[in-house]
Number of protein chains: 2
Amino acid sequence: MDDGFLHTCLFFTANRLGRAITKMAEEEFAPTGLTPMYGYLIRLVIGAPGISQKELAEKLSVTPSTLTRFVDKLEAKRLVERKVQGKTVLVYPTDKAKEMEETIRQASRSLKARYEAVLGVEAAQHLTKELEDSSISLEKH
Amino acid sequence: MDDGFLHTCLFFTANRLGRAITKMAEEEFAPTGLTPMYGYLIRLVIGAPGISQKELAEKLSVTPSTLTRFVDKLEAKRLVERKVQGKTVLVYPTDKAKEMEETIRQASRSLKARYEAVLGVEAAQHLTKELEDSSISLEKH
DNA sequence: GAAGTTATATTGTATGTACAAACAAAATTA
DNA sequence: TAATTTTGTTTGTACATACAATATAACTTC
């Protein structure tokens, strides 16, 4: 059957991998009660208390509107607090978030261990680097 | 700042690339009036009239419920027709869809040309293959 | 052939994400 | 300093996608 175009299309294969790894990541992050993106957002906030939403959006490569929604949810769960400073919003972790940090780190480690077991440590690292480099290039165009 | 974990995480980088290439793909598919996934679905249906939804879901690596939603939309646009056969549903292209085929193919070509120009032909092909191989491995676990 | 099991599709609901428009504060310019 | 532009954030809306539950048809087994 003529479905070759799917296998040679970067759009299709990139999103296919995204769905597969997201599923795995959600399973590994289940013990945290958060999805992986939220876990990473919290790690960033703990690592730099008072970081602005703009910076968070850049680091996570999501749009500002998406980041607003993320912070809304984490604030509702009492995991972060906003402090408005002029036109920017600074984000701080709560004690509750700090208590979760180790659990989140553990989930990150489990996730990595799991996909490295499937793909091979070397191959996984190489692939990750290629993905990041390609993302940077594509985001510019 | 301590954000290294993002750059070494396959979950994060895969989805980051997915967002970047999806944006580009949507731009290139704009002339078709469809998003890229719908365009590819139509190509599959034209290439195999009467293909079942189950097969379509497998080829596109989406869940059956997602595929139902896709076909709902294309049916509403009079681009495909359903024919129920026992417990399976067969999908056929309409004339309207067939008339669009060349436009869709052209969008696919433009997309490929565009990201190959950014990444390099060789690198893009190699990356695509790695993504597919990795997807296949991860989908099993 | 009736009862139970499996396979396919659909529906209700939820989430992540984006874009465009609106808003508010800050910086620049007149 | 008033007017304009830029910057950061938020809101309304929309879409792709998934999961769990349900419906329905087909297959298996007794």
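The values are calculated or read from the model by the stated rules, or taken from the named source; none is laboratory data. All figures in this text were calculated on a predicted structure; none of them were measured in a lab. Don't worry about glycine lacking a Cβ; one is built from the backbone with ideal geometry, like all the others, and counts go over all protein chains shown. Ligands, DNA and RNA are stripped out before the accessible areas are found, and what is left, the full protein with its side chains, is counted by its heavy atoms. Shrake-Rupley method; radii C 1.70, N 1.55, O 1.52, S 1.80 Å.
Observations on the structure shown:
- Nm distances between copies for A:K73, ranked from closest, using label points 7 Å along Cα→Cβ: 2.1
- Peptide-level mean, for B:34-41, of C-beta atoms on other protein chains within 10 Å: 2
- Dimensionless Rg over Rh [the protein assembly as shown; C-alpha; Kirkwood]: 1.01
- Shielding of A:2-8 by partner chains, average beta-carbon count, 10 Å: 6
- Placing a pseudo-label 7 Å from each Cα along the Cα-to-Cβ vector at B:E102 and B:V84 gives an inter-label distance of 3.8 nm.
- Nearest to the axis that brings chain B onto chain A is this chain B residue, judged by its Cβ, with the distance in whole Å: B:G18, 2.
- For region B:51-141, the fraction of 1.4 Å probe accessible surface lying on carbon and sulfur atoms is 52 percent.
- Set A:K96/A:K140; A:K54/A:K77; A:K73/A:K112; A:K140/B:K129; B:K23/B:K129 screened for pairs whose C-alpha atoms are more than 28 Å apart: A:K96/A:K140
- Placing a label point 7 Å from the Cα of B:K129 along the Cα-to-Cβ direction, the distances to the matching points in the other copies come to 1.9 nm, shortest first.
- What separates the Cα centres of region A:98-141 and region B:68-141 is a distance of 27 Å.
- Sum of side-chain charges, B:D2 neighbourhood, beta-carbon under 12 Å (Lys, Arg +1; Asp, Glu -1): +1
- For the peptide A:20-28, the mean number of other protein chain Cβ atoms found within 10 angstrom of a residue's Cβ is 5.
- Relative contact order of region B:4-139, pairs being alpha-carbon contacts under 8 Å that are 6 or more residues apart, as %: 23 percent
- Site pair A:V118 and B:T66 shows an inter-label distance of 1.4 nm when each label is modelled 7 Å from Cα along Cα→Cβ.
- 0 to 90° range, to nearest 10: angle between helix B:95-119 axis and chain B longest Cα axis: 10 degrees
- Positive dipole terminus of region B:4-139, leading residue within B:M37, B:S110, B:F12 (C-beta point charges): B:M37
- Rounded to the nearest 10 degrees, the angle from helix A:64-76 to the longest Cα principal axis of chain A is 60 degrees.
- Note on chain A: with charges restricted to the Cβ of Lys and Arg (+1) and Asp and Glu (-1), its dipole about the Cα centre is near 580 debye.
- Compactness of region B:1-133, taken as the C-alpha radius of gyration over 2.2 N^0.38 Å, stands at 1.21.
- Helix content alone sets the calculated 222 nm mean residue ellipticity of the protein assembly as shown: runs of n ≥ 4 DSSP H residues at -39500 (n - 2.57) each, divided across all residues, give -23500 deg cm²/dmol.
- Segment A:S137..A:K77, full-extension length gain: 18.0 nm, with 0.36 nm per residue of separation and the alpha-carbon distance subtracted.
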